[in-house]
Amino acid sequence: MALFLLQHGKSLSKDKDPNKGLSEAGIDETERIAQVAKGYGVHVSSIAHSGKTRARQTADIFASALKPEGGLQEISGLNPLDDVTAVSDSLDSTEDRMLVGHLPFMERLTAYLITGSIERPVFKFQNSGIVCLDTDPATGSWVIKWALMPHIG
């Protein structure tokens with residue numbers, strides 16, 4: 001099973017959009033990264049998002065590109081300050097799933113899965129960036145398999 005963790009695209013400020021939907025730059029970057037992922041043959045069985053506008057819009061763009069057979073789902077537990085253990089305990093090892101959420105949650109979930117602690121960061125996310133985690137066959141431990149970010153440097 002691969003687990004794809006995706007931070008939502010860049011959003012508008014609250015004064016421009018109270019729901020903080022994606023900005024034009026956020027849409028462009030998200031579409032670009034989604035097409036790169038498609039070009040690499042990334043397969044996801046389903047995409048879950050937090051329900052916040054910016055996460056739902058990001059998930060919609062990725063669903064259009066990657067066509068997950070399980071579709072899109074809104075789930076609880078992916079908001080910025082939610083407890084990562086609830087999501088980690090619910091991960092299904094039989095599917096390739098993408099989770100679309102927010103900081104600091106995504107960085108904490110990655111750290112928790114890799115180290116067992118949210119206090120030891122292991123990766124810095126970017127808006128519209130994907131981190132692919134997989135389990136090491138020898139140890140069963142989570143490892144970072146690859147990352148795809150909109151900006152290098």
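Rule-based calculations on the coordinates, nothing more; no lab input. Model, not experiment: these values are computed from the prediction. All Cβ positions, glycine included, derive from the backbone under ideal geometry; neighbour counts span all protein chains shown.
What value in Å³ per residue do you get for the convex hull of the alpha-carbon atoms in the stretch 34-153?
In the stretch 34-153, the Cα hull volume divided by residue count equals 112 Å³.
Please give the FRET efficiency for PHE123 paired with LEU91, using the beta carbon to beta carbon distance and R0 = 25 Å, rounded to the nearest 0.05.
0.90
Could you tell me how far the Cα centroid of the stretch 1-71 sits from the Cα centroid of the stretch 86-113, in Å?
Cα centroid of the stretch 86-113 versus Cα centroid of the stretch 1-71: 15 Å apart.
Assign unit charges at the C-beta atoms only (+1 for Lys and Arg, -1 for Asp and Glu), then state the dipole size of the chain relative to its Cα centre in Debye, rounded to the nearest 20.
That gives a dipole near 380 debye.
List the pairs from LYS16/LYS124; LYS38/LYS124; LYS38/LYS67; LYS14/LYS52; LYS52/LYS145 whose alpha-carbon separation is above 21 Å, in the order I gave them. Could the numbers behind the result be given before it?
Working: LYS16/LYS124 27 Å; LYS38/LYS124 23 Å; LYS38/LYS67 9 Å; LYS14/LYS52 13 Å; LYS52/LYS145 27 Å.
From the list (LYS16/LYS124; LYS38/LYS124; LYS38/LYS67; LYS14/LYS52; LYS52/LYS145), the Cα-Cα distance tops 21 Å for LYS16/LYS124; LYS38/LYS124; LYS52/LYS145.
Which three numbers, in whole Å and largest first, are the semi-axes of the equivalent ellipsoid of the stretch 8-50 derived from its Cα gyration tensor as √(5λ)?
Over the Cα atoms of the stretch 8-50, the ellipsoid semi-axes are 25, 13, 4 Å.
Once you treat every alpha carbon in the stretch 65-110 as an equal point and sum by Debye, what is log10 I(q)/I(0) at q = 0.16, 0.18, 0.32 Å⁻¹?
-0.47, -0.59, -1.28
Taking +1 at the Cβ of each Lys and Arg and -1 at the Cβ of each Asp and Glu, which of VAL84, VAL100, SER46 sits farthest along the dipole of the stretch 1-117 towards its positive end, judged by Cα position relative to the Cα centre?
VAL100
Under 15 Å from the 7 Å Cα→Cβ point of ASP28, by amide nitrogen: which residues of the stretch 57-77?
Of the residues in the stretch 57-77, none has backbone N under 15 Å from the label point off ASP28.
Check every DSSP H run in the chain and write down those whose alpha carbon atoms cover 20 angstrom or more along the long axis and whose mean Kyte-Doolittle hydropathy is 0.5 or greater.
In the chain, no H run is both long and hydrophobic enough.
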